[in-house]
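Asker: Structure below; questions to follow.
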Amino acid sequence: MPTERWQPDRSEPTDPWPRATFATAIGRGLRGLCPACGKGKVFKGFLTVVAACEACGAPLGLARADDAPPYFTILVVGHIVVPLIFLVERGHQPPLWLMSAIFLPLTLGLAIGLLRPVKGGTVGMMLSLNMLKSDPSAT
């Protein structure tokens, strides 16, 4: 009597929404578009992520980015501003008040300007890697 051995299901998981590649999902998220389809919007406010894409139904609200976008934003802004401060200080030696008048608003503007695209890219990365919070009622 032949017995069949159990084999794991090796088929690709199917989602009810389209699946984009890693780079495509991040690029769409950076532009504020749905990482899955590229048609809907990621945000309904400045940093509030929509519950689901209106075009494809991808559950964008389940991608809990939390502290990653501010961390990535600080990393990027720091790598832009700090070398500029060193270059200006070494080349021109302006007074401290002038350095502060230039680089404090520049740092603040870059941080605020980059936070939304970085959060969209993070949501795209999380959707691409299937890092979604499974139970909406869980904390």
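Nothing in this text is a laboratory measurement; each read-out follows from the coordinates by a stated rule. These numbers come from a predicted model, not from an experiment. A quick note on method: Cβ atoms are made from the backbone with ideal geometry, for glycine too, and the neighbour counts reach across all protein chains shown.
Asker: Across the stretch 71-79, in residue order, what do the Karplus-derived ³J(HN,Hα) couplings come to in whole Hz, using 6.51 cos²θ - 1.76 cosθ + 1.60 with θ = phi - 60° and x for Gly and Pro?
Answerer: Karplus values, whole Hz, x for Gly and Pro: 4, 5, 5, 4, 4, 5, 4, x, 6.
Asker: For the stretch 1-99, state which chymotrypsin sites (Phe, Trp or Tyr not before Pro) are in a DSSP loop and have at most 10 other beta carbons lying within 10 Å of their beta carbon.
Answerer: Trp6, Phe46
Asker: Can I ask one more? Whole-Hz ³J(HN,Hα) for each residue in the stretch 124-134, computed from phi via Karplus 6.51 cos²θ - 1.76 cosθ + 1.60 with θ = phi - 60°, x for glycine and proline: what do you get?
Answerer: Here the 3J(HN,Hα) series is x, 4, 5, 5, 5, 8, 6, 9, 9, 6, 6 Hz.
Asker: Turning to a different aspect of this structure: Taking θ as phi - 60°, what are the ³J(HN,Hα) couplings along the stretch 89-98 by the Karplus curve (6.51, -1.76, 1.60), each to the nearest whole Hz, with x for Gly and Pro?
Answerer: Working through the residues one at a time gives 5, 6, x, 10, 6, x, x, 4, 5, 6 Hz.
Asker: Where a ≥ b ≥ c are the square roots of the eigenvalues of the C-alpha gyration tensor, would you call the stretch 78-118 rounded, which needs a/c under 1.5, or, failing that, prolate if a/b is larger than b/c, or oblate?
Answerer: Oblate.
Asker: When the chain is modelled as a GNM with alpha-carbon springs shorter than 10 Å, which of Ser128, Ser11, Ser100 fluctuates the most?
Answerer: Maximum fluctuation in the GNM of the chain, among the listed residues, is at Ser11.
Asker: Mind listing the long-range amide H neighbours of Leu33? Cut-off is under 5 Å, sequence gap 5 or more, other chains count too, H placed in the peptide plane at 1.01 Å from N.
Answerer: Close amide H contacts, sequence-distant or interchain: Val42.
Asker: Using only alpha carbon pairs under 8 Å that are at least six residues apart, calculate the relative contact order of the stretch 22-128 and give it in whole percent.
Answerer: Computed value for the stretch 22-128: 45 percent relative contact order.
Asker: Candidates (i) 12, 48, 34, 6, 0; (ii) 12, 44, 36, 8, 0; (iii) 11, 32, 22, 16, 11, 5, 2, 1, 0, 0; which is the computed P(r) over Cα pairs in 10 Å bins from 0, in percent?
Answerer: Of the listed options (i) 12, 48, 34, 6, 0; (ii) 12, 44, 36, 8, 0; (iii) 11, 32, 22, 16, 11, 5, 2, 1, 0, 0, (iii) comes from this structure.
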